[in-house]
Amino acid sequence: MCGIIGAIRSDGGVLNALIEGLRVVEYRGYDSAGVAVIDGGQILVRKKQGRLENLEKVLEDGALEQAPVGIGHTRWATHGEPSDRNSHPHQGAAGRVAIVHNGIFENYLELREQLTAQGITFVSETDSEVMAQLIDLELQEGISLENAVRRSLRRVEGYYALGAIAEGPDGAELVCARKGPPLLVASTPDAAYLASDVLGVIPHTDRVVYLEDGDVAILKPGSIQVTDFEGHPVQREVAKVDWTPGDTGLGGWPHYMLKEIHEQPDVLARTALDRIDLERGDVNIEGGQFSDEFLQGVSRVQVLACGTALHAGMIAKYLIEGLAKVPVDVDYASEFRYRGPILVPGTMALAISQSGETADTLGAARLAKELGASVAAICNVTGSTQMREADQVLLTHAGPEIGVASTKAFTAQVAAAVLLAVRMGRANGNLSVQEAKELLAGLRDLRTKMEHLLSEPVREHIRALAKVHARAKGFFFLGRGVNFPVALEGALKLKEISYMHAEGYAAGEMKHGPIALIDPGMTIVSINAPGHVADKVRSNIEQVKSRGGVALSVGSHEGSHKIAGQCIEVPETIEWLSPILNTIPLQLFSYYIADLRGCDIDKPRNLAKSVTVE
Ligand code: M6R
């Protein structure tokens, strides 16, 4: 979704930092890009529809290169089609200000009418332009940019991460404000930066300040002043960022997705190993979070998440109910918010999110809190809104995930769910020390099994199968029990990056309707592991095969492999842990199919990495 970057430097030359910053946040998904700088008292704007390269072409004249202050934006269209005109930055009619905005001004139509009646001509169809026009009018009064921003924000309803530049009496000014979408600021001795994503500033510093809702920050070279909406200074903690610029490179891989798939054994180790206490048969979670005392009071869990994170949440339901014997409900975060949910006392809402900035998940977790639940989060980004708003957090240590299709974050979320389920079961006494020890040893041993799945012979086998199936008419991914959500995830991955039609189904549900679609053009991918539903999945495969479907069996269940004919063998593990292994071949299968079809794997059409609007 939209990315924001801003910089002010005492020695000038912010353009490079802006472009570098925009390139780093490119992965979030966008359809146009733009920058505005102030040089010699003049605001200069360049913006182009399409990829960053289009913008870079129009910057080749070098006119913006020496500017000491500027803002940049990658836009993911919401109000108004993707076009040069609708791209950010936007300016006011008198050209006194340029702004970049993420979020939505909900009353923009009303404001637009009022401003049009005052004789203002709008050049774009966006909601954001109203803010540029409002600030522009305020600046006419000769007030500072920060006050013009505050006064203008009083007139809007909605959500924003906003960056603005204007020429003030003492030179160029850079101000930003936040309500809703993420925004952070950072300073170095001779510069200051703002960004919607921590990756945008890590080339300059590893110390950042995450702005809170209602904050307005004034950036000068070497200093940042954070104030509240009334202009009173507020103190915000300086956070250290663990990620380094090196974490965001391709490192020789053709795509981030493939790189991230291969990082999974290390991610599992970082997320799980230090927390596993094999001697006690328990899990240690930092800072005494998820304590016995707290978990003994949890009578129900409400999972809230979207997309891939929701699939991890569905696996968490099987794990928590199966191991800790605590009932779990799972909702799409976007549905939970508007269905009038009823939460019983003792509910722990469990928000699962890679980015920690997904608007639907944040909204659902806030509602759960209002309804009396405590909020726990499984989250990958330190300092993210979800992490800061949750009462307790279990961080996944997947590192920056740049590929839009989530891979390593998913297996890390499932590993975190195993840890949480064991911790809950140990805290409430429903899981014996022996069972916990076996599970935790199994989790520890997954690393080498994951490495095997990523070895060249296995990869080549999966690539060959991808070739066979790349022209299928459609796909069904089938699983049962703890591997049912894996089927959903396998189908989501394939459709996201290859644009092929794929559906994930509970294998036992096929006969109730979807089986009508089976014919020799359809590929049926079944996911199975030895366990209490394994034979049932095998007979579900028989049912689709006997109707002419082409079956591909993934997992460690011999019987299913035999029936299917084609298979990807996965090393055996405890059934509860099998989703972590079974997911990896499905990720590779999707990757190779998308590659064979020539798709833009890391930036699939229409998708944004972090969906910060409803
Ligand atoms: O950052 P989050 O985990 O909250 O994101 C949730 C979904 O938007 C995300 O998982 C999405 O489904 C991915 N594109 C899946 O690959």
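Which residues, taken from region 1-52, are more than 25 Å from TYR210 (Cβ to Cβ), charged (D, E, K, R) and without any contact (Cβ under 8 Å) to a residue 40 or more places away in the chain? Passing the criteria: ASP39, ARG46, LYS48, ARG51. The residues of region 412-430 that are of a type in the set (S, T, N, Q) and surrounded by fewer than 24 Cβ atoms within 10 Å (Cβ to Cβ), listed by number, are ASN428, ASN430.
Scanning region 1-21 for residues that are under 25 Å from the mean Cα position of the chain (by Cα) and part of a helix (DSSP H, G or I), we see that the one that is surrounded by the fewest Cβ atoms within 10 Å (Cβ to Cβ) is GLU20. Take VAL156 and decide whether it is in a loop (DSSP other than H, G, I, E, B) and not charged (D, E, K, R). Spelling it out, VAL156 is indeed in a loop (DSSP other than H, G, I, E, B) and not charged (D, E, K, R). The set of residues in region 262-316 being hydrophobic (A, V, I, L, M, F, W, C), closer than 29 Å to ASP247 by Cα and either within 16 Å of the ligand (Cβ to nearest atom) or assigned by TED's automatic domain parsing to the domain that holds LEU492 (or both) consists of VAL267, LEU304, ALA305, CYS306, ALA309, LEU310, ALA312, ILE315, ALA316. Scanning region 249-265 for residues that are over 20 Å from the mean Cα position of the chain (by Cα) and either surrounded by 13 or more Cβ atoms within 10 Å (Cβ to Cβ) or of a type in the set (Phe, Trp, Tyr) (or both) returns TRP253, PRO265. Pairs under 8 Å by beta carbon, first residue at positive phi in region 397-409, partner more than 8 Å from the ligand (Cβ to nearest atom) and part of a loop (DSSP other than H, G, I, E, B), six or more apart or different chains? Close Cβ pairs satisfying both conditions: GLY399/TRP243; GLY399/GLU263.
Scanning region 130-149 turns up no residue that is in contact (Cβ under 8 Å) with a residue 40 or more places away in the chain and over 21 Å from VAL37 (Cα atoms). The single condition from (1) buried (at least 23 other Cβ atoms within 10 Å of the Cβ); (2) more than 14 Å from the ligand (Cβ to nearest atom) that GLY372 fails is (1). Scanning region 380-390 for residues that are within 11 Å of the ligand (Cβ to nearest atom) and not hydroxyl-bearing (Ser, Thr, Tyr) yields ASN380, VAL381, GLN386. Which of the residues spanning region 596-613 are away from the ligand (no atom under 12 Å from the Cβ) and either under 14 Å from the mean Cα position of the chain (by Cα) or free of Cβ contacts under 8 Å to residues at least 24 places away in the same chain (or both)? GLY598, ASP600 - these are the residues of region 596-613 that are away from the ligand (no atom under 12 Å from the Cβ) and either under 14 Å from the mean Cα position of the chain (by Cα) or free of Cβ contacts under 8 Å to residues at least 24 places away in the same chain (or both). Put simply, of GLY346, GLY322, GLY340 the only residue that is more than 29 Å from VAL198 (Cα to Cα), modelled with pLDDT under 95 and over 19 Å from the mean Cα position of the chain (by Cα) is GLY340. A count restricted to region 518-542 and to residues that are surrounded by fewer than 17 Cβ atoms within 10 Å (Cβ to Cβ) and not in a loop (DSSP other than H, G, I, E, B) stands at 4.
With respect to the conditions (1) assigned to a helix (DSSP H, G or I); (2) over 23 Å from ARG275 (Cα atoms), LEU478 lacks only one, and its number is (1).
Table: residues versus (1) surrounded by fewer than 24 Cβ atoms within 10 Å (Cβ to Cβ); (2) closer than 19 Å to ALA412 by Cβ; (3) of a type in the set (Phe, Trp, Tyr).
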residue	(1), (2), (3)
GLY442	yes, yes, no
LEU454	yes, yes, no
VAL458	yes, no, no
LYS467	yes, no, no
PHE484	no, no, yes
ALA487	no, no, no
GLY490	no, yes, no
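Scanning region 391-406 for residues that are within 11 Å of the ligand (Cβ to nearest atom) and more than 11 Å from the chain's Cα centre (by Cα), we see that the one that is farthest from CYS599 (Cα to Cα) is THR396. Counting the residues of region 54-84 that are within 15 Å of HIS101 (Cβ to Cβ) and small (Gly, Ala, Ser) gives 3.
Against the condition at negative phi and either among the acidic types (Asp, Glu) or not in a helix (DSSP H, G or I) (or both), how does GLY504 come out, does it pass? Considered against the rule, which asks whether it is at negative phi and either among the acidic types (Asp, Glu) or not in a helix (DSSP H, G or I) (or both), GLY504 comes out as yes.
One line per residue, one yes/no per condition, for (1) within 16 Å of the ligand (Cβ to nearest atom); (2) within 13 Å of LEU278 (Cα to Cα):
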position	(1), (2)
THR411	yes, no
VAL414	yes, no
ALA417	yes, no
ALA421	no, no
GLY425	no, no
GLY429	no, no
GLU438	no, yes
HIS452	no, no
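For region 540-586, a residue qualifies if it is over 31 Å from the mean Cα position of the chain (by Cα) and hydroxyl-bearing (Ser, Thr, Tyr), and the qualifying residues are SER546, SER560. Scan region 543-562 for residues that are without any contact (Cβ under 8 Å) to a residue 12 or more places away in the chain and assigned to a loop (DSSP other than H, G, I, E, B) and the total you get is 1.
The values are calculated or read from the model by the stated rules, or taken from the named source; none is laboratory data. Everything numeric here is computed off the predicted structure, so don't read it as measured data. Cβ: placed from backbone, ideal geometry, glycine included. Neighbour counts: every protein chain shown.
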